[in-house]
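What follows is calculated from the coordinates using simple rules that are stated; it is not laboratory data. This structure is a prediction, so every number in the text was calculated from the model and none was measured. As a convention, Cβ positions derive from the backbone with ideal geometry for all residues, glycine included, and neighbour counts pool all protein chains shown.
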Amino acid sequence: MSEDQKVENTTVETETESQLQSEIEKTIEKDDNTNELKEAIDRIQELENQLTETVKKEQDILLRTRAEIDNIRRRAEQDVEKAHKFALEKFSKDLLETIDNLERAISTPANKEDETVKALIDGVDLTLKGLLATVARFGIESVGEIGESFNPDLHQAISMQPTEGFESNQITTVLQKGYLLNGRVIRPAMVMVAA
């Protein structure tokens, strides 16, 4: 082989080596880019997962907040309703004394044959009936009738004694009527109970 051919072969080999080296570098760059791309895809997937978790947490917080707001609204409505229902409680308790006095006046042993006494008792009776009708319109009702079963939530037992004609725990005597305001006891009935 001649010198020229050797130089030409060396040049071709060098060019081939350069091309080969360049191709290897490109492949390595592609591999690096592929790795970077995989890392970027993994990072995107991780961020998407975090975003999904955050969205779920925020939706949960939103639902809980709405539920809490609904509960607060419901409690406030109940408080207002109770305030309306029981606003008359103190006034009602004061009226009970008047009702008791009118009932005592009617039950007073007096000469009911006398026309003036009879007219007075009739007037007191009508006044009592009118007052009871008025308080009934506002949710006040009496409790504690003879023969009812004793209920410790509604009645206050003064004594227990054996009484014929009554079963055990039946009210035999009502000493003072009890009253409810919209189902809530404002004064328990004072009663005597059969033993």
How large is ³J(HN,Hα), in whole Hz, for each residue of region 42-58 in order, when computed from phi with the Karplus curve 6.51 cos²θ - 1.76 cosθ + 1.60 and θ = phi - 60°, using x for Gly and Pro?
-> 4, 5, 4, 4, 4, 5, 4, 4, 4, 5, 4, 5, 5, 4, 4, 4, 5
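What does the charge count around Asp79 come to, taking other residues whose C-beta lies under 13 Å from its C-beta (Lys +1, Arg +1, Asp -1, Glu -1)?
Values: positive: Arg73, Arg74, Arg75, Lys82, Lys85; negative: Glu77, Glu81.
Net charge in that neighbourhood comes out at +3.
List the GluC sites (Glu not before Pro) within region 136-195 that fall in a DSSP loop (any state other than H, G, I, E or B) and whose Cβ has at most 15 other Cβ atoms within 10 Å. Walk me through the numbers before you get to the answer.
On the way: sites: Glu141, Glu145, Glu148, Glu164, Glu167; in loops: Glu145, Glu148, Glu164, Glu167.
Sites meeting the loop and neighbour criteria: Glu145, Glu164, Glu167.
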At Asp79 and Thr173, where each label point lies 7 Å from the Cα along Cα→Cβ, what is the point-to-point distance in nanometres?
-> 4.7
Taking the dipole of region 88-194 about the Cα centre (Lys, Arg +1; Asp, Glu -1; charges at Cβ), the one of Val193, Ile171, Ala136 that reaches farthest to the positive side is Ala136
Kindly write out, for region 118-134 in residue order, the coupling ³J(HN,Hα) from the Karplus curve 6.51 cos²θ - 1.76 cosθ + 1.60 (θ = phi - 60°), rounded to whole Hz, with x marking Gly and Pro.
-> 5, 5, 5, 5, 4, x, 5, 4, 5, 4, 4, 4, x, 5, 5, 5, 5
Per-residue HN-Hα couplings for region 180-195 [Karplus 6.51, -1.76, 1.60; θ = phi - 60°; Hz; x = Gly/Pro] | 10, 10, 6, x, 9, 5, 9, 7, x, 6, 8, 9, 10, 10, 6, 8
log₁₀ of I(q)/I(0) at q = 0.18 Å⁻¹ - region 88-194, Debye sum with one point per alpha carbon = -0.93
Among Lys90/Lys118; Lys82/Lys129; Lys56/Lys85, the pairs whose Cα-Cα distance exceeds 32 Å are Lys90/Lys118; Lys56/Lys85
Around Gln176, which amide H atoms from residues at least 5 apart in sequence, or from another chain, sit under 5 Å from its own amide H, with H modelled in the peptide plane?
-> Met190
Local net charge near Ala195, Cβ-Cβ under 14 Å (Lys/Arg +1, Asp/Glu -1) = -2
Averaging 1/r across every pair of distinct alpha carbons in region 71-119 and inverting yields a Kirkwood hydrodynamic radius, in angstrom, of 14.3
Full-extension gain in nm, Arg43 to Ile69, via 0.36 nm per residue minus C-alpha separation = 5.5 nm
